[in-house]
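The values are calculated or read from the model by the stated rules, or taken from the named source; none is laboratory data. What you see is a predicted model; the values in this text were computed from it and never measured. Positions of Cβ are backbone-derived with ideal geometry, glycine not excepted, and every protein chain shown enters the neighbour counts. Side chains are part of the model used for accessible areas, which takes the heavy atoms of the whole protein and leaves out ligands, DNA and RNA. Shrake-Rupley method; radii C 1.70, N 1.55, O 1.52, S 1.80 Å.
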Amino acid sequence: MDSNKKQNENLFAEFKTPTTQEWLDKIEVDLKGADFQKRLVWRTPEGFNVQPFYRREDVEKLDTPNALPGEFPFVRGNKKNDNTWYIRQEIDAEDAKAANAKALDILNKGIDSLSFSIPRDKVSREFVEQLLEGIYCDIVEVNFSTCKRRSVELAQILADYFEAKGYDKEKIVGSIDWDPMEKMLKGKAHAEEVLKLAPAIIDTLKDYPNFRCVSVNSLLLNNSGAYITQELGYALAWGNEYMQQLTEAGVEPTLAARKIKFNMGISENYFMEIAKFRAARLLWAQIVKQYEPKCDCACKMCVNAVTTEYNMTIFDAHVNLLRSQTETMSAALAGVHSIVVTPFDAAYETPDDFSERIARNQQLLLKEECHFNKVVDPGAGSYYVEELTTSIAKEAWKLFLATEEKGGFLAAIKDGSVQEDINATNEKRHTLAAQRREFILGTNQFPNFNEKSDGKQPLNTTRLASEFEALRLATEKAEKQPVAFMLTIGNLVWRQARAQFSTNFLACAGYKVIDNLGFQTVEEGVDAALEAGADIVVICSSDDEYAEYAPAAFKYLDGRAMFVVAGAPACAEDLKKEGIEHFIHVKVNQLETLRLFNEKLGIK
């Protein structure tokens with residue numbers, strides 16, 4: 001082996017290692033004078049730059065690669081030997097017997113973490129006993145949520161139940177989702193009074209070291225459009241608020257920290273989500289350390305990750321499977337405690353057995369076939385992932401400190417600054433989607449032209465796709481499906497490119513689009529459009545030729561259909577003087593333009 005190693009060393013010695021400057025010089029040559037910063041450096045919405053390449057010298061200055069799995073500050077995960085996570089499914093426990101039957105069924109199909117949502121008026125010993133009948137709580141993770149005011153009662157019922165069953169307290173893993181501050185974010189001001197119940201809940205479950213009962217539900221922020229650093233920064237402040245309140249109420253810091261659980265969202269940005277969860281563990285460990293717990297184990301962050309609903313769509317809904325699969329991969333590779341995959345049809349109906357089965361199998365695929373549970377922190381050492389981890393940590397920490405300076409997370413909720421910040425981001429993202437600067441596959445980019453909603457109605461108006469979906473649903477309900485006709489003429493390259501762009505642009509509103517190979521004259525094109533029943537005629541040509549073709553086509557059409565120019569030619573102002581008012585190109589607001597077209601077509 002020594003001879004082979006020496007041979008390899010000699011082989012690589014023949015190649016000179018290029019310097020960073022040499023790489024940059026080569027890139028500048030390839031860019032042919034284009035601005036490197038504008039063309040290749042990505043300015044993320046989270047507020048930092050991402051370079052097109054990283055080298056060893058970049059990562060050598062970072063601290064994260066020096067950490068070890070299972071050791072403080074846990075950036076590389078809480079586990080040392082594997083990357084096993086719980087596959088969790090949510091169950092509506094309106095009826096104890098039915099919920100129990102469903103739980104027993106899915107436990108035989110790969111689920112090892114159950115989450116029961118119990119109505120406030122059903123909290124009782126009899127209900128819990130029937131709900132958990134036949135479920136071995138020392139083998140399966142069990143999670144519960146109910147009315148925040150009745151959570152102390154539920155905690156006592158569970159503690160008594162576990163005791164009666166003779167379970168080993170160390171083997172009970174799970175949680176009660178108790179988070180009054182989430183209620184306050186939703187506008188329930190009175191929830192502040194419920195915060196005083198925290199010490200009682202913890203005291204009831206203090207003998208169960210792996211059962212958590214105080215939640216940080218930053219999933220709410222994620223589903224409201226928050227950027228990654230916003231969700232993380234506020235989640236840290238959220239958790240710290242609970243740590244402060246608990247310790248001030250006399251709860252020992254180690255116990256307090258070990259009772260807090262984070263329910264976080266997973267957005268579509270694959271590598272940045274991997275980095276987010278790594279950065280989250282790093283920063284939370286540092287925060288808890290300041291409370292001087294008895295052991296570093298209390299500094300471990302317990303995260304249940306849930307795929308986001310924010311980017312889900314009702315049209316081309318099976319694309320939601322692709323979104324949630326990459327999101328699940330991010331969380332799994334990042335080493336979270338448990339994962340919930342939101343079924344692909346959740347945007348428009350109560351998930352059925354089929355969609356729930358697919359959601360389970362998405363995780364089983366990663367475990368059983370891809371072996372994601374075998375390797376601890378596979379992203380470690382990656383120059384890109386390490387840089388992202390550090391960059392996200394820095395930006396999230398800034399937000400955490402800014403929140404603390406305002407008096408902490410509770411004070412920030414009460415003065416509305418958290419809500420204002422997230423709402424502003426949500427509004428910005430909707431604008432970007434309207435302008436197609438943020439893509440929603442199948443909605444504002446590459447729609448399925450022939451798909452019908454088949455009665456689907458959006459459940460959540462804050463989703464990124466909701467405004468486009470409302471537009472398309474309105475088109476579907478119209479007496480006649482509008483027809484958009486591509487009048488392609490002139491330069492072959494330009495007319496094809498603009499016809500393709502316009503087809504994609506207009507199909508997002510549910511219009512029937514007719515493309516063409518090209519016409520010899522504008523009169524021939526207009527006649528063909530009218531024969532096809534066109535409501536919109538889009539002329540597609542080159543900028544230079546528009547000065548001739550566009551006025552002639554507009555005049556010949558003579559108001560018999562809406563006339564649109566594909567592009568933003570230099571002669572646009574002259575064309576407007578001729579009476580042409582509609583132009584579609586990459587800089588227009590797609591959503592507002594399509595709304596205007598619908599209005600002119602009499603579609604409401």
(request) Under 15 Å from a label point 7 Å along Cα→Cβ of residue 62: give me every residue in the range 385-425 with its amide N that close. (result) 385-396
(request) Determine the shape class of the range 150-220: with a ≥ b ≥ c the square roots of the Cα gyration tensor eigenvalues, call it rounded for a/c under 1.5, and otherwise prolate if a/b is greater than b/c, oblate otherwise. (result) prolate
(request) Give me the percent of the accessible area of the chain that comes from carbon and sulfur atoms, probe 1.4 Å, all protein chains in place. (result) 50
(message) Within 10 Å of each candidate Cβ there may be at most 16 other Cβ atoms; applying that plus a DSSP loop requirement, which GluC sites (Glu not before Pro) in the range 499-604 survive?
(response) 578, 581
(message) Give me Rg/Rg_expected for the range 502-569, where Rg uses Cα atoms only and Rg_expected = 2.2 N^0.38 Å with N residues.
(response) 1.05
(request) Compute the longest continuous run of the chain that contains no exposed chymotrypsin sites (Phe, Trp or Tyr not before Pro); treat a site as exposed when its DSSP state is not H, G, I, E or B and it has at most 16 other Cβ atoms within 10 Å. (result) 168-438
(message) Take the residue pairs 186/406; 38/587; 26/587; 38/452; 109/183 and return only those whose Cα atoms are more than 29 Å apart.
(response) 26/587; 38/452; 109/183
(request) Determine, from the Cβ-Cβ distance of residue 415 and residue 200 and an R0 of 22 Å, the FRET efficiency 1/(1 + (r/R0)^6), rounded to the nearest 0.05. (result) 0.20
(request) Per residue, how big is the convex hull around the C-alpha atoms of the range 375-424? Give it to me in cubic angstrom, could you? (result) 109
(message) Using only the Cα atoms of the range 210-345, what semi-axes does the equivalent ellipsoid have when each is the square root of 5 times a gyration tensor eigenvalue? Give whole Å, largest first.
(response) 30, 13, 12
(request) Compute from the Cα atoms of the range 489-604 the Rg and the Dmax, the latter being the longest Cα-Cα distance, and quote both in angstrom. (result) 13.0, 37
(request) Quick one: of 148/300; 276/374; 206/294, which pairs are farther than 19 Å apart, Cα to Cα? (result) 148/300; 276/374
(message) Give me P(r) over the range 477-528, computed from all C-alpha to C-alpha distances, binned every 10 Å, as integer percentages.
(response) 25, 48, 23, 4
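For the range 1-140, what D do you get in µm² per second when you plug the Kirkwood radius from alpha-carbon pairs into Stokes-Einstein at 37 °C and 0.692 mPa s?
150
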(request) Please list, in chain and number order, the residues 5+ apart from residue 50 or on another chain whose amide H is under 5 Å from its amide H, with Hs placed from the backbone. (result) 42, 43, 44
(message) Rounded to the nearest angstrom and ordered from largest down, what semi-axes does the equivalent ellipsoid of the range 364-509 get from its C-alpha gyration tensor (root of 5λ)?
(response) 40, 25, 19
(request) Report, by chain and number, residues whose modeled amide H sits under 5 Å from the one on residue 86, excluding near sequence neighbours (fewer than 5 apart, same chain). (result) 338, 339
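Helix-derived [θ] at 222 nm for the chain: sum -39500 (n - 2.57) over DSSP H runs of at least 4, divide by residue count, nearest 500?
The helix contribution divided over the chain gives -14000 deg cm²/dmol.
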(request) Compute the relative contact order of the chain as a whole-number percentage, counting only Cα pairs closer than 8 Å that sit 6 or more residues apart in sequence. (result) 12
